[in-house]
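As structure tokens, the structure follows; a few thoughts come after it.
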Amino acid sequence: MSNASAPKLLSSTNPQIPKGDGNEPVQAYIAAMPDWKSTIGRRIDTLVEQVFPTVRKAVKWNTPLYGKEDGWFLAMYCYKKYVQITFMQGTSLTPVPPVTSKVEGIRYLNIHEDDQLDEAQLTDWIRQASKLPGKKL
């Protein structure tokens, strides 16, 4: 992708990607994630596909969403210093993901550049989240 056609990054460094359903817009988002964040984005995407091969994907509001027929269970967003994973039913996961939300039920995992990603825990949370009712957005 040339710089002229590269997606604009918002002030948070989140890629500005057109809304769309399916894998293609999610992969465009991941490719546009700056620096080390795209590596994290690819890893999250791979883990979700491994845990839930029939996952439904979309980009809405510049955010990749992962779900199933009844709604969304996970989202991803870039901030300047971290990538945030949103668990739509996070308070129902065990253990509960570490970062609270003002929105009832939602919990976050923030991944910073130098963090060691606990893939076993993340995979377990994805597995648990995929079995819970999805959220309609």
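The values are calculated or read from the model by the stated rules, or taken from the named source; none is laboratory data. Note that the coordinates shown come from a computational prediction; the quantities given were computed from them, not determined experimentally. Here the Cβ is made from the backbone with ideal geometry for all residues, glycine too, and neighbour counts use every protein chain on show. For the accessible areas, the whole protein counts, side chains as well, though only heavy atoms, and no ligand, DNA or RNA atoms are used. Shrake-Rupley method; radii C 1.70, N 1.55, O 1.52, S 1.80 Å.
With (1) assigned to a helix (DSSP H, G or I); (2) out of contact with any strand residue (DSSP E or B) (no Cβ under 8 Å at 6 or more places or on another chain) as the list, and G41 as the residue in question, which single condition is left unmet?
(2)
Looking at P64 and the list (1) part of a strand (DSSP E or B); (2) surrounded by fewer than 20 Cβ atoms within 10 Å (Cβ to Cβ), which single condition is not satisfied?
So the condition that P64 fails would be (2).
Out of the residues in the range 19-38 that are hydrophobic (A, V, I, L, M, F, W, C) and part of a helix (DSSP H, G or I), which is most open to solvent (accessible area, probe 1.4 Å)? I'd like the intermediate steps shown before the answer.
Going through the range 19-38, the residues hydrophobic (A, V, I, L, M, F, W, C) turn out to be 26, 28, 30-33, 36.
Remaining after also requiring part of a helix (DSSP H, G or I): 26, 28, 30-32, 36.
On the way: V26: 0, A28: 34, I30: 3, A31: 73, A32: 18, W36: 51 Å².
Applying the filter and picking the extreme gives A31.
Suppose the filter is over 22 Å from Q116 (Cβ atoms), at pLDDT 95 or above, small (G, A, S) and open to solvent by 60 Å² or more (accessible area, probe 1.4 Å); does S2 pass it? Steps first, please.
Values: over 22 Å from Q116 (Cβ atoms): yes; at pLDDT 95 or above: no; small (G, A, S): yes; open to solvent by 60 Å² or more (accessible area, probe 1.4 Å): yes.
When the stated conditions are applied, S2 does not pass them.
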